[in-house]
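The structure appears right after this line, and notes come after that.
None of the figures in this text is laboratory data; all of them are computed from the coordinates on show. Predicted, not measured: the structure shown is a model, and the values here were computed from it. Here Cβ is always computed from backbone atoms with ideal geometry, including for glycine, and neighbour counts include all displayed protein chains.
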Amino acid sequence: MRQKVHQWFEDSFGEDYLLVYKHRDGQEAISEVRKIMEWLKLPSESRILDLCCGTGRHALVLADLGFRVTGVDLSSVLLREARATDSGGRVQWIRSDMRDLPFAEYELEGFDGVVNFFTSFGYFEEDNEQLKVLKQIRRALKPEGRFVIDYLNAINTADNLVPYSERTERGTVISETRSIDRDFVMKEIIVKEPNRPSRRYMERVKLYSLERMISLLENAGLVLDAVYGSYDGDSYEKRHSKRMIIVGHRI
């Protein structure tokens, strides 16, 4: 029997993640969701899947806007935070690997939109694993359903990589070392808290050009409609845009 390989994302989205990324706030999520809804043009009460929903910042904003929302994430810690914030139980929260969504056959093709925020794509070593994610997006969408993938811009990320940074949060020192290794952007995070052993985490995202992303989308039965370089709606520029925000639909 083939032994399961332990993946970096199985460790990196726990309690320390909440501290490392505490600067990601609700106001930022509100502006991002409003812009994405301009692009998707979905009517109120549409069903939306927030794939890799994390603590639910975006999912809860979508629910506030009148959408029927399901949030999926692998991290039980982040889902715990999401449920605690969702006092009214407005969102359906599900724990799952994004490569194998747990929807029964009668629930498939039920979503009007799928959203994937904050570079939650490219987590896997092989292209066929990323393709599984895209096929799950297609599987979840209604025919002609719409999707957004908020992804980094590979060239700009490599050109402007900050090799090292350090900051202090609540007396805890967080250091981040960044590098490019083959086709991946890597980040090593060290968390040093007084009177506790230091903790080390890795993050790794595969770098895709727009051309390669389009090829993956086509292989999954998805179509690119537009690509933006930021949440301001700027046109995507290969070298200068910080983001590569992909908007498309299911064939």
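What translational diffusion coefficient, in µm²/s and rounded to a whole number, does the Stokes-Einstein relation yield for segment 157-203 at 10 °C and a viscosity of 1.306 mPa s, taking the hydrodynamic radius as the Kirkwood radius over Cα pairs?
Reported coefficient: 137 µm²/s.
What angle, in degrees between 0 and 90 and rounded to the nearest 10, separates the Cα long axis of helix 127-140 from the longest principal axis of the Cα atoms of the chain?
The angle comes out near 40 degrees.
Over segment 47-96, what is the percentage of antiparallel beta bridges among all DSSP beta bridges, to the nearest 5?
Bridges in segment 47-96 that DSSP calls antiparallel: roughly 0 percent.
What is the chain's relative contact order, in percent, from Cα pairs under 8 angstrom and six or more apart in sequence?
17
Evaluated at 25 °C with a viscosity of 0.890 mPa s, what Stokes-Einstein diffusion coefficient in µm²/s does segment 1-118 have when Rh comes from the Kirkwood expression over alpha-carbon pairs?
163
Among the DSSP beta bridges whose two residues both lie in the chain, what percent are antiparallel, rounded to the nearest 5?
About 70 percent, rounded to the nearest 5.
Taking amide H positions as placed in the peptide plane 1.01 Å from N, state which residues far from LEU74 in sequence (5 or more) or on other chains have amide H under 5 Å from it.
SER96
Computed from the mean reciprocal separation of all distinct C-alpha pairs, what Kirkwood hydrodynamic radius does segment 52-112 have, in Å?
This gives a value of 11.9 Å.
Summarise the long-distance tail of P(r) for segment 96-251 by giving the % of C-alpha pairs beyond 21 Å.
Tail of P(r) above 21 Å: 52 percent of Cα pairs.
Please compute one quarter of the surface area of the Cα convex hull for segment 194-240 and express it in square nanometres.
6.4
Sort 147-157, 193-203 by packing, meaning the average of other beta carbons within 10 Å per residue, with the highest value first.
147-157, 193-203
Can you tell me which lysines have their Cα less than 16 Å from the Cα of LYS206? Leave out same-chain residues fewer than eight positions away.
List returned: LYS132, LYS187, LYS242.
Counting Lys +1, Arg +1, Asp -1, Glu -1, what net charge surrounds PHE121 among other residues with beta carbon under 15 Å of its beta carbon?
Charge balance in the 15 Å sphere: -2.
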